[in-house]
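Below is one structure, written out as structure tokens; the observations come after it.
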Amino acid sequence: MNEQPARAQQEADVLVIGGGLHGTSSAFHLARRGASVIVLEADYVARHSSGVNAGGVRTLGRPLPEIPLALRSRELWHTLPELIGDDGGFVPSGQLKIAETDAELDECRERVALLNAHGFTHETLIDRERVLELEPALARHVTGGIWVERDGYALPYRTTTAFRLAAQRLGARFIERTPVARIEPHGERWLAHTPRGTFAARQLLVAAGAWSGELARQAGEPVPVHPEGLMLMVTQRVAPFCRATLGATGRPLSFKQFDNGTVVIGGKLIGHADLPGRHGEVDFMRLVKSARTVVDLFPHLRDLGVNRAWAGVEAFTDDALPVISASRTASGLYYSFGYCGSGFQLGPACGQVVSELMLDGAPSVPLDAFAIDRFGRETREAPSAAVDHAATH
Ligand SMILES: Cc1cc2nc3c(=O)[nH]c(=O)nc-3n(C[C@H](O)[C@H](O)[C@H](O)COP(=O)(O)OP(=O)(O)OC[C@H]3O[C@@H](n4cnc5c(N)ncnc54)[C@H](O)[C@@H]3O)c2cc1C
């Protein structure tokens, strides 16, 4: 393979590997700051998690280190039209996590107290009456929950495409069907080798979702990251009965009814991930369990048909936090991946903070918890992040 970039159009200030929401948002924010950007995408923009997720725009239940980023992102979700000229289909429906037993309500109480102790007030503990006032169709056994009014949901493919289009308007170039096989430093630049030739830039951002681990390994920074095939299903249309986006405390659930009447059901439902084949597979037996949860909570949906189910490939790290970091071993190299099933909401702000990290060396939101070299020391230094995350999904 040619070691030198053949043509000027294969060079930019920044190369971004991956056209998911994190790649497109980073490209947008970098281009907005004046950087020339090339995004290299193995398939097509929004083909994977960023285009097929549940669309949950949720600050609720975040692990503590993610909260400042999630709150920053929420502000951007509420002003997306000004930022990128499209609202991404964002609906500020609120997000509600319900408790089904007294013990679960105690868990919610402890969670809100923990957040308050850290100065976060965006999650509110609510009682059974308030839950049923918000969602009258819910089964009567609920005991209360946590409510976040400014959360909601959006359309994943539309949002990621909108960031891509906004970045393009600022001059960013997107090159699809161009998988990066290998990255390497070359003098003061980074080279990305692809079947369409070699691309070069002084700065390189790895935002390749579940495929990022291999690129980090090539750069000499292995990360404990693995793929999972996360599943969703969508039902037939049904008359409006639920406005908020719902989760549960004691069992996995992510549930929302769209304006067209369909209901999207998920919640960390794990199918199969085929990383080399670049696709996810549905495991129907596991979907059944989720369908049962939904019928427990909304008995009137018992006979509702499921129209479609699918799986997307998502990156999970060992401590359930993403990697948003400058390389610790090489200059000009940056990472943004490993969003563990919750990266859609973070996309708008993460791109902004990554652009600050790359262009200023000083992100406006602390990223220490997401450093690429944290693995191996996290059990000594930050046990609360992983424990808290596990408790909330
Ligand atoms: C079913 C499902 C439901 C979800 N629900 C929610 C939710 O409700 N709320 C929420 O906040 N999050 C949710 N998520 C998580 C969220 O979708 C992801 O965290 C987020 O989209 C990750 O974005 P990304 O840009 O890091 O990765 P991706 O979207 O995977 O994008 C990475 C891109 O990199 C490309 N790529 C990979 N390797 C290479 C290479 N070598 N060269 C060039 N390109 C490459 C890929 O083709 C891909 O397009 C869900 C995920 C799934 C799968």
If we ask which residues in the range 226-242 are polar (S, T, N, Q) and either within 10 Å of the ligand (Cβ to nearest atom) or open to solvent by 40 Å² or more (accessible area, probe 1.4 Å) (or both), their number turns out to be 1
Failed criterion for Gln218 (all others in (1) within 22 Å of Val52 (Cβ to Cβ); (2) within 11 Å of the ligand (Cβ to nearest atom); (3) open to solvent by 10 Å² or more (accessible area, probe 1.4 Å); (4) not small (Gly, Ala, Ser) hold):
(1)
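Residue check: is Gly277 touching a Leu at 6+ places or on another chain (Cβ under 9 Å), assigned by TED's automatic domain parsing to the domain that holds Gly145 and either farther than 22 Å from Gln345 by Cα or not in a helix (DSSP H, G or I) (or both)?
no
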Among the residues of the range 243-259, is any in contact with a helix residue (DSSP H, G or I) (Cβ under 9 Å, 6 or more places away or on another chain), of a type in the set (Val, Ile, Thr), surrounded by 17 or more Cβ atoms within 10 Å (Cβ to Cβ) and not in a loop (DSSP other than H, G, I, E, B)?
no
Quick check on Thr194: is it within 16 Å of the ligand (Cβ to nearest atom), hydroxyl-bearing (Ser, Thr, Tyr) and touching a helix residue (DSSP H, G or I) at 6+ places or on another chain (Cβ under 6 Å)?
no
Gln95 passes all but one of (1) out of contact with any helix residue (DSSP H, G or I) (no Cβ under 6 Å at 6 or more places or on another chain); (2) more than 15 Å from Arg150 (Cβ to Cβ); (3) within 11 Å of the ligand (Cβ to nearest atom); which number fails?
(2)
Expected output for the range 199-226 (first residue in the same structural domain as Val37 (by TED's automatic domain parsing) and outside any helix (DSSP H, G or I), partner basic (Lys, Arg) and at pLDDT 95 or above, Cβ below 6 Å, 6+ apart or cross-chain) is Ala200/Arg189; Arg202/Arg189
Within the bounds of the range 68-89, is there any residue that is within 16 Å of the ligand (Cβ to nearest atom) and more than 28 Å from Gly267 (Cα to Cα)?
yes
Residues being of a type in the set (Val, Ile, Thr), more than 8 Å from the ligand (Cβ to nearest atom) and touching a Ser or Thr at 6+ places or on another chain (Cβ under 7 Å): count how many of those fall in the range 40-66.
0
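Let's see how each residue does on (1) open to solvent by 10 Å² or more (accessible area, probe 1.4 Å); (2) in contact with a helix residue (DSSP H, G or I) (Cβ under 9 Å, 6 or more places away or on another chain); (3) assigned to a helix (DSSP H, G or I):
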position: Arg286; (1), (2), (3): yes, no, yes
position: Arg292; (1), (2), (3): yes, no, yes
position: Val295; (1), (2), (3): yes, yes, yes
position: His300; (1), (2), (3): yes, no, yes
position: Asn307; (1), (2), (3): yes, no, no
position: Glu314; (1), (2), (3): yes, yes, no
position: Ala320; (1), (2), (3): yes, yes, no
position: Ser325; (1), (2), (3): no, yes, no
position: Cys340; (1), (2), (3): no, yes, no
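The values are calculated or read from the model by the stated rules, or taken from the named source; none is laboratory data. For clarity, every value in this text was computed on a predicted model and none was experimentally measured. Virtual Cβ from ideal backbone geometry, glycine too; neighbours counted across all protein chains shown. Only protein heavy atoms, including side chains, enter the accessible area calculation; ligands, DNA and RNA are left aside. Shrake-Rupley method; radii C 1.70, N 1.55, O 1.52, S 1.80 Å.
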